[in-house]
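As structure tokens, the structure follows; a few thoughts come after it.
The values are calculated or read from the model by the stated rules, or taken from the named source; none is laboratory data. Everything numeric in this text was worked out from a predicted model, so none of it was measured. Quick reminder, even Gly has a Cβ in these numbers, built from the backbone with ideal geometry, and neighbours come from all protein chains shown.
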Amino acid sequence: MNNGRSKHPPRRNGNAVGRPGSNGHSFPGPSSGAGSSGPILITGGAGFIGTNLAHRLLSARRPVILYDNLSRPGVEENLAWLKATHGNLVRHEGGDVRDYHRLQKVVREAAQVFHLAAQVAVTTSLDEPIEDFEVNARGTLNLLEALRSLPKAPPLVFTSTNKVYGDLSQVRLRLRGDRYEPQDELVRENGFDEARPLHFHSPYGCSKGAACQYVQDYARTFGLKTVVFRMSCIYGPHQFGTEDQGWVAHFLIRALRDLPLTIYGDGRQVRDILFVKDLVEAFLLAQQHMNRLSGQVFNIGGGPANTTSLLELMDLLSELQGHSPSARFADWRPADQQYYVSDTRRFCAATGWMPRTGVREGLNHLYQWLKDYHQSDAGRSLRLAPLLKHRNGELTRIIPSSIRPRTVQTKRSFKLRASRGLTRREVTVRGSTK
Ligand SMILES: NC(=O)c1ccc[n+]([C@@H]2O[C@H](COP(=O)([O-])OP(=O)(O)OC[C@H]3O[C@@H](n4cnc5c(N)ncnc54)[C@H](O)[C@@H]3O)[C@@H](O)[C@H]2O)c1
């Protein structure tokens with residue numbers, strides 16, 4: 001479709017060389033068409049990460065526009081909270097990233113852009129690959145084109161995913177206690193860096209991977225200022241995690257509600273988890289150093305110092321609760337990585353960033369937040385209702401039939417099954433840990 005976009009000659013990227021910064025930020029970042037004091041645009045801004053980013057910016061008195069169609073259940077509570085906390089400094093545009101014209105209007109006002117809006121679940125992408133593509137790939141291209149149509153485009157930070165590296169099944173692993181670890185010492189010490197070959201796996205991996213390539217290329221070919229974060233698991237307040245996405249918050253929510261967890265695979269898969277406050281600091285640093293970082297991709301996560309396996313996280317949860325959460329096991333899900341840890345050294349060296357919140361501290365924080373939240377008025381009206389239904393007197397998540405667990409184990413078999421050390425080859429593959 002022709003959206004009446006104005007054409008501009010390709011711009012060159014002025015990659016000025018600057019000094020690495022510290023975690024102390026100066027607002028505003030690089031200047032833009034809207035002027036450096038204009039509002040900051042966050043697509044998907046009512047979501048989990050968007051809310052935390054918006055809160056940080058608004059607390060520094062920066063006006064923020066949240067461009068969000070509120071399609072994720074529960075995020076309207078985030079929006080209500082941001083409005084109640086920050087008043088008119090925050091504005092909601094109820095648009096869809098598939099709507100190029102609306103995007104084009106809103107980017108004109110922006111001093112900086114963070115692109116977070118997405119179809120976020122691998123599982124949903126298996127059921128709805130075309131919609132997944134439209135939102136993630138086409139939606140991102142719409143945003144890039146909207147930016148390219150401006151005489152001076154504001155800089156863009158894009159949130160990609162570690163899923164672009166595929167299932168990493170070629171990495172040789174070994175078992176250590178309740179977790180997998182790489183046999184290669186360097187990978188064990190540092191995690192996976194940005195030079196790892198891309199291997200898009202699952203429709204979600206493909207749509208985010210394509211978007212990520214476009215964002216990089218629009219810096220190279222058209223001179224837009226862009227940075228891509230390939231992010232590992234992020235967790236923290238305002239996250240309404242479900243079985244399909246946001247597993248750390250999902251585990252905590254289930255445990256708080258005394259509902260059993262389903263573990264896909266053997267529970268020994270390892271992730272580096274990053275507390276959202278640390279991610280927000282990385283976002284601000286990326287914008288602050290945009291002139292130097294533009295066109296680059298960075299792996300962002302908790303890194304080797306902040307890893308956990310699913311079984312280890314359940315142990316931490318037991319400590320927090322004073323009793324073990326109940327769990328059952330099901331088949332591995334597609335594209336699930338048995339081990340993923342980000343090598344964040346490039347971004348750390350470029351900006352001075354470091355994750356500051358350890359796993360135990362971050363989990364404790366999220367647990368307390370969820371506990372308070374569920375006891376509050378907002379929590380009572382949390383939009384879990386459409387996701388849950390009563391079955392045999394127990395609230396059960398409604399899962400599309402295609403991703404229902406086929407191997408269901410009881411709580412009693414939890415440790416037993418884990419100790420058998422099931423491998424990927426012994427189970428049928430569906431879904432993933434996100
Ligand atoms: N949370 C993680 O662990 C993680 C890891 C890697 C990458 N990411 C990426 O970070 C971004 C934010 O993730 P999150 O965890 O905050 O997810 P989220 O689901 O909480 O937020 C996404 C927001 O986008 C909105 N949205 C969805 N489709 C839209 C559309 N078509 N138009 C406009 N708005 C739309 C939703 O309503 C929601 O508020 C996503 O791009 C996700 O792929 C997240």
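Checked against (1) over 23 Å from the mean Cα position of the chain (by Cα); (2) not aromatic (Phe, Trp, Tyr); (3) not in a strand (DSSP E or B), residue 144 meets all criteria but (1). Being of a type outside the set (Asp, Glu), within 16 Å of the ligand (Cβ to nearest atom) and crowded, with 24+ Cβ neighbours inside 10 Å is a property that residue 226 has.
Would it be correct to say that residue 87 is assigned to a loop (DSSP other than H, G, I, E, B), farther than 27 Å from residue 313 by Cβ and more than 19 Å from the chain's Cα centre (by Cα)? For residue 87, the condition - assigned to a loop (DSSP other than H, G, I, E, B), farther than 27 Å from residue 313 by Cβ and more than 19 Å from the chain's Cα centre (by Cα) - is not met.
For region 204-211, the condition holds for at least one residue, the condition being that it is within 14 Å of the ligand (Cβ to nearest atom), surrounded by fewer than 23 Cβ atoms within 10 Å (Cβ to Cβ) and under 22 Å from residue 135 (Cβ atoms).
One residue alone among 74, 38 is within 14 Å of the ligand (Cβ to nearest atom), surrounded by 17 or more Cβ atoms within 10 Å (Cβ to Cβ), more than 22 Å from residue 208 (Cα to Cα) and at pLDDT below 95, and that residue is 74. Across region 143-171, the number of residues qualifying as closer than 23 Å to residue 36 by Cα and either more than 10 Å from the ligand (Cβ to nearest atom) or hydrophobic (A, V, I, L, M, F, W, C) (or both) comes to 16. Could you list, in sequence order, the residues of region 107-123 that are closer than 30 Å to residue 164 by Cβ and either at pLDDT below 95 or more than 11 Å from the ligand (Cβ to nearest atom) (or both)? Matches in region 107-123: 107, 110, 111, 112, 113, 121, 122, 123. When residue 280 is tested against (1) crowded, with 21+ Cβ neighbours inside 10 Å; (2) part of a helix (DSSP H, G or I), just one condition goes unmet, and that condition is (1). Scanning region 55-72 for residues that are assigned to a strand (DSSP E or B) and under 12 Å from residue 87 (Cβ atoms) yields one hit, 64. A residue that is assigned to a strand (DSSP E or B), touching a residue at least 60 places away in the same chain (Cβ under 8 Å) and farther than 27 Å from residue 50 by Cα can be found somewhere in region 168-175.
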